[in-house]
1. Regarding Ala40, is this residue of a type outside the set (Ser, Thr, Tyr), free of Cβ contacts under 8 Å to residues at least 24 places away in the same chain and either open to solvent by less than 90 Å² (accessible area, probe 1.4 Å) or assigned to a helix (DSSP H, G or I) (or both)?
2. What are the residues in the stretch 2-55 that are hydroxyl-bearing (Ser, Thr, Tyr) and either within 29 Å of the chain's Cα centre (by Cα) or at pLDDT 90 or above (or both), if any?
3. For the stretch 1-37, what are the residues that are outside any helix (DSSP H, G or I) and of a type outside the set (S, T, N, Q)?
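The values are calculated or read from the model by the stated rules, or taken from the named source; none is laboratory data. Worth saying up front: this structure is predicted, and the values here are computed from it rather than measured. We place every Cβ from the backbone using ideal geometry, glycine too, and count neighbours over all the protein chains shown. Heavy atoms of the whole protein, side chains included, go into the accessibility calculation; ligands, DNA and RNA do not. Shrake-Rupley method; radii C 1.70, N 1.55, O 1.52, S 1.80 Å.
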Amino acid sequence: MIVLAASLSIASPAYAYLDPGTGSMLLSAVFGVAAAVALAVRCSGYRIVGLFRGKKRGLRPGTAEGAPVADE
């Protein structure tokens, strides 16, 4: 463990350059992934809440709104 920690703590120079175009591309990718995850969580949240709430009673087929139903 000590050898691994020591080898990871030694910094070596990185001969790399990130231009502004690459930085904005990486930033837009991060925002895109965050938006996709937020949308997936929101959609699945609606489905989970719908399971717990149950189905709303709507109009029965063949009845008009406000018309009395025989079995109620």
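1. Working: of a type outside the set (Ser, Thr, Tyr): yes; free of Cβ contacts under 8 Å to residues at least 24 places away in the same chain: yes; either open to solvent by less than 90 Å² (accessible area, probe 1.4 Å) or assigned to a helix (DSSP H, G or I) (or both): yes.
In short, yes.
2. Of the stretch 2-55, the ones hydroxyl-bearing (Ser, Thr, Tyr) are 7, 9, 12, 15, 17, 22, 24, 28, 44, 46.
Those that are hydroxyl-bearing (Ser, Thr, Tyr) and either within 29 Å of the chain's Cα centre (by Cα) or at pLDDT 90 or above (or both): Thr22, Ser24, Ser28, Ser44, Tyr46.
3. Residues of the stretch 1-37 outside any helix (DSSP H, G or I): 1, 10-19.
Within the stretch 1-37, Met1, Ile10, Ala11, Pro13, Ala14, Tyr15, Ala16, Tyr17, Leu18, Asp19 meet the criteria.
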